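First the structure, in the form of structure tokens, and then the observations on it.
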Amino acid sequence: MPAKTIDEVIVRLEKIAADTQLRSDPLGIFALVYLDVTRTVRDGILLNAFDDGPRMERLDVIFANRYLYAHDAYRASQHCTQAWQTTFNAAMRFDLLVLQHLLMGMNAHINLDLGIAAATTVEPEDLPSLEADFNKINELLAAKIDTLQDQLSKISPLLFLLDWFGKRNDERFAAFSLVKARNNAWKAANRLALLSPVERELEIKELDGYVAVLNKLITNPGVFFGAVVRFAKWFEVKDMGKVLKLLAS
């Protein structure tokens, strides 16, 4: 059953987070970060940080349900989008950095799911009125970035190498921008809003394939940058249970 309120979303995410922590499952990396972000959005709604709180809750619930559905489908060995399939399959790869696991989840959820959710939340003619609240989430998320970076630095002490080399060699991987991804999602929402149901499904299928390719680039960033990743991985915390505990703190 899909979640109907943001509180129901949080309960579902808490269960996923708890289950993955018990299994020391890398799927918990994204789940824990997403849980924290969803709580922040919920608090913003309660504090009237948005122009239209009920509408923002509706967007958040539609958005979250796409992840929840994909997660449950994958766990049941059922079909989910290519973007999420590549993300979940990568959880079996212990050669990847925690950051890579996290970026794949962010890529799938923001670059694919967010635009679809925004286009679904309101009627096409009302989409422009959603933009201000949509962008306010960037302000809420900005406050979380420093905390997340602190947590990741404890898990992977050499992440600064990825940032340094990435800005010079592979921005698709190391310079992943949350704001840029959300801007792309808004553009996707505007494209989808103008399409017929059949055209929309075709556009979503094409977008899904593109996001899945981006995930493959995140896991296979090339020979040179891949060497930097492997070097950083050598110094990263190996105990996934400890990693998840740090992210939950």
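The values are calculated or read from the model by the stated rules, or taken from the named source; none is laboratory data. All figures in this text were calculated on a predicted structure; none of them were measured in a lab. Quick reminder, even Gly has a Cβ in these numbers, built from the backbone with ideal geometry, and neighbours come from all protein chains shown.
Filtering segment 14-45 to residues that are under 16 Å from F88 (Cβ atoms) and surrounded by 20 or more Cβ atoms within 10 Å (Cβ to Cβ) leaves I16, A17, T20, P26, L27, G28, I29, F30, A31, L32, V33, Y34.
Within segment 230-249, residues that are in contact (Cβ under 8 Å) with a residue 60 or more places away in the chain reach partners that are assigned to a helix (DSSP H, G or I) and among the charged types (D, E, K, R) with beta carbons closer than 8 Å, at six or more positions or on different chains, in the pairs V237/K154; L246/K154.
Scanning segment 193-205 for residues that are among the basic types (K, R), part of a helix (DSSP H, G or I), at pLDDT 75 or above and surrounded by fewer than 19 Cβ atoms within 10 Å (Cβ to Cβ) turns up at least one hit. Checking the condition over 19 Å from L152 (Cα atoms) and touching a Leu at 6+ places or on another chain (Cβ under 8 Å), which residue from R39, R23, R12 passes? Only one candidate passes the filter, namely R12. Taken together, the criteria exclude T121 from residues that are among the β-branched types (V, I, T) and either over 20 Å from K136 (Cβ atoms) or touching a Ser or Thr at 6+ places or on another chain (Cβ under 6 Å) (or both).
Listed by first and then second residue, the pairs linking a residue in segment 25-40 that is closer than 17 Å to D146 by Cα to a residue that is in a helix (DSSP H, G or I) and of a type in the set (K, R), with Cβ atoms under 9 Å apart and 6 or more places separating them unless they lie on different chains, are V33/K144; D36/K144; V37/K144; T40/K144.
Residues in segment 92-147 that are touching a helix residue (DSSP H, G or I) at 6+ places or on another chain (Cβ under 7 Å), over 30 Å from N220 (Cβ atoms) and either of a type in the set (S, T, N, Q) or outside any helix (DSSP H, G or I) (or both): T120, T121, V122. Remark: pairs (first residue in segment 5-23, more than 17 Å from V33 (Cβ to Cβ); second residue modelled with pLDDT of 95 or more and β-branched (V, I, T); Cβ separation under 8 Å; 6+ apart in sequence or on different chains) = T5/V61; E8/V61.
A quick yes/no check of all residues on (1) closer than 21 Å to T81 by Cα; (2) among the charged types (D, E, K, R):
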residue	(1), (2)
L217	yes, no
N220	yes, no
V228	no, no
K242	no, yes
A248	no, no
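Please go through segment 1-57 and pick out each residue that is of a type in the set (S, T, N, Q) and outside any helix (DSSP H, G or I).
Residues of segment 1-57 that are of a type in the set (S, T, N, Q), as a first pass: 5, 20-21, 24, 38, 40, 48.
Correct list: T5, S24, N48.
What do you reckon, is L103 out of contact with any strand residue (DSSP E or B) (no Cβ under 6 Å at 6 or more places or on another chain) and free of Cβ contacts under 8 Å to residues at least 24 places away in the same chain? No. Within segment 155-177, the residues that satisfy the criterion of being surrounded by 15 or more Cβ atoms within 10 Å (Cβ to Cβ) and at pLDDT 75 or above are I155, S156, L158. Scanning segment 65-89 for residues being part of a helix (DSSP H, G or I) and under 22 Å from E14 (Cα atoms) gives a total of 16.
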